[in-house]
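Shown next, in structure tokens, is the structure this report addresses.
The values are calculated or read from the model by the stated rules, or taken from the named source; none is laboratory data. Only a predicted model underlies this, so the values are computations on that prediction, with no experimental measurement involved. Here Cβ is always computed from backbone atoms with ideal geometry, including for glycine, and neighbour counts include all displayed protein chains.
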Amino acid sequence: MADLRQDARTVRSGRPTLAVVGATGAVGTVMLRILSQRADVWGEIRLIASPRSAGRKLTVRGEETEVLALTEEAFDGVDVAMFDVPDEVAGRWAPVAAAKGAVVVDNSGVFRMDPDVPLVVPEVNPHAVRMRPRGIIANPGCTTLSMIVALGALHAEFGLRELVASSYQAVSGAGREGVATLRRQLSLVAGTELGTNPGDVRRAVGDHTGPFAEPVALNVVPWAGTAHEDGWSSEELKVRDESRKILGLPRLPVAVTCVRVPVITTHSLTVHARFEGEVTVDKAREILATAPGVVLFDNPAAGEFPTPADVVGTDPTWVGRVRRALDDPTALELFVCGDNLRKGSALNTAQIAELVAAELR
């Protein structure tokens with residue numbers, strides 16, 4: 001393995017070695033496309049997955065690369081390791097990679113609230129990358145990432161003091177099973193008149209609810225995650241806690257309702273944000289129009305506002321319906337959309353890794 005690393009460094013002029021752990025998964029697949037599209041800062045890119053996927057060949061940067069099994073030896077000589085794997089796998093193997101000398105950028109939920117692990121969005125808090133006593137940097141969840149770039153830009157100017165949000169989350173947030181479930185449900189209800197009587201969609205779908213509490217086809221489901229105290233879901237508490245940590249506002253009042261909708265990819269959110277003083281829509285638009293990673297698409301009279309159909313496959317956070325609250329001159333209302341598999345997962349991870357690569361060079 002050390003020889004492989006040396007060969008790659010010789011060919012690519014001393015650039016750092018990157019490992020992509022979970023390369024065959026849904027987010028890993030998107031990650032390989034992103035790595036092929038962005039500026040090439042890496043030497044060797046090593047693809048790692050479960051032993052059952054070892055030996056497969058995937059294409060990255062136009063080159064066919066064999067997938068290695070997840071072992072301690074797979075991290076020999078790795079400078080940065082990006083983890084796109086389930087929580088239990090990240091919890092076991094991310095510390096192993098860090099102990100082998102790699103800087104880990106983890107996309108799971110295991111380390112996000114660890115006080116010794118920075119939670120980073122490069123457009124909002126890039127400085128946090130350098131403070132990593134465990135050698136691990138966490139990537140926020142896809143729902144938080146769908147809004148936090150726009151919200152961070154507004155906070156930097158106005159000073160956020162309260163956040164109320166509702167999410168409309170695509171089924172790909174539940175992984176490949178979520179996508180397969182929606183496609184199966186749509187096939188069961190296609191060409192019918194279902195949705196006109198109580199319970200008819202549920203009867204048609206039957207046991208094909210997959211990871212969702214209710215049918216998602218022809219429906220919206222006001223629940224994502226697992227149950228926590230006082231009626232909150234894990235997904236809702238995650239958005240609250242992650243937003244506080246990224247913005248450096250540990251006491252920020254946050255209320256979130258998470259809703260699953262029949263969309264394949266791209267999360268949307270309505271955002272009610274209150275700030276320290278009076279805000280104007282013109283200034284807010286100016287900030288959003290020039291903020292890195294944000295697209296302002298906001299002319300409702302002309303039918304211009306972001307929807308998942310517009311945003312899927314793109315990198316920025318798209319913002320529309322910008323208006324001041326009817327009864328509060330310190331508050332703004334926004335509608336935001338972000339591709340949950342790109343910026344919401346793979347892209348942000350890649351951006352963090354690039355910050356580390358620049359530090360290593």
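Going by the conditions given, is Pro306 in a loop (DSSP other than H, G, I, E, B), surrounded by fewer than 22 Cβ atoms within 10 Å (Cβ to Cβ) and in the same structural domain as Lys238 (by TED's automatic domain parsing)?
Spelling it out, it is not the case that Pro306 is in a loop (DSSP other than H, G, I, E, B), surrounded by fewer than 22 Cβ atoms within 10 Å (Cβ to Cβ) and in the same structural domain as Lys238 (by TED's automatic domain parsing).
Do we have any residue at all in region 164-175 that's in contact with a strand residue (DSSP E or B) (Cβ under 8 Å, 6 or more places away or on another chain), of a type in the set (Val, Ile, Thr) and in contact (Cβ under 8 Å) with a residue 24 or more places away in the chain?
Checking region 164-175: at least one residue is in contact with a strand residue (DSSP E or B) (Cβ under 8 Å, 6 or more places away or on another chain), of a type in the set (Val, Ile, Thr) and in contact (Cβ under 8 Å) with a residue 24 or more places away in the chain.
Is it the case that region 228-243 has a residue that's in a loop (DSSP other than H, G, I, E, B) and of a type in the set (D, E, K, R)?
Taking every residue of region 228-243 in turn, none turns out to be in a loop (DSSP other than H, G, I, E, B) and of a type in the set (D, E, K, R).
Going through region 269-293 one residue at a time, which ones are touching a Pro at 6+ places or on another chain (Cβ under 6 Å) and either under 23 Å from Asp339 (Cα atoms) or β-branched (Val, Ile, Thr) (or both)?
Gly293
Could you grab the pairs with beta carbons closer than 9 Å, sequence gap of 6+ or different chains, first residue in region 347-361 and in contact (Cβ under 8 Å) with a residue 12 or more places away in the chain, second one among the basic types (Lys, Arg) and in a helix (DSSP H, G or I)?
Here the result reads Asn348/Arg342; Gln351/Lys343; Leu355/Arg130; Glu359/Arg130, each pair linking region 347-361 to a residue that is among the basic types (Lys, Arg) and in a helix (DSSP H, G or I).
Does region 154-183 hold any residues that are surrounded by fewer than 24 Cβ atoms within 10 Å (Cβ to Cβ) and either under 18 Å from the mean Cα position of the chain (by Cα) or not assigned by TED's automatic domain parsing to the domain that holds Ala204 (or both), and which are they?
Ser166, Tyr168, Ala174, Gly175, Arg176, Glu177, Gly178, Val179
Restricting attention to region 179-193, report how many residues are hydroxyl-bearing (Ser, Thr, Tyr), modelled with pLDDT under 95 and in contact with a helix residue (DSSP H, G or I) (Cβ under 8 Å, 6 or more places away or on another chain).
1
Val149 is checked against (1) in the same structural domain as Phe111 (by TED's automatic domain parsing); (2) under 17 Å from the mean Cα position of the chain (by Cα) and fails just one. What number does that condition carry?
(1)
Out of everything in region 45-66 that is part of a loop (DSSP other than H, G, I, E, B) and over 24 Å from the mean Cα position of the chain (by Cα), what residue ends up being farthest from Val96 (Cα to Cα)?
Gly62
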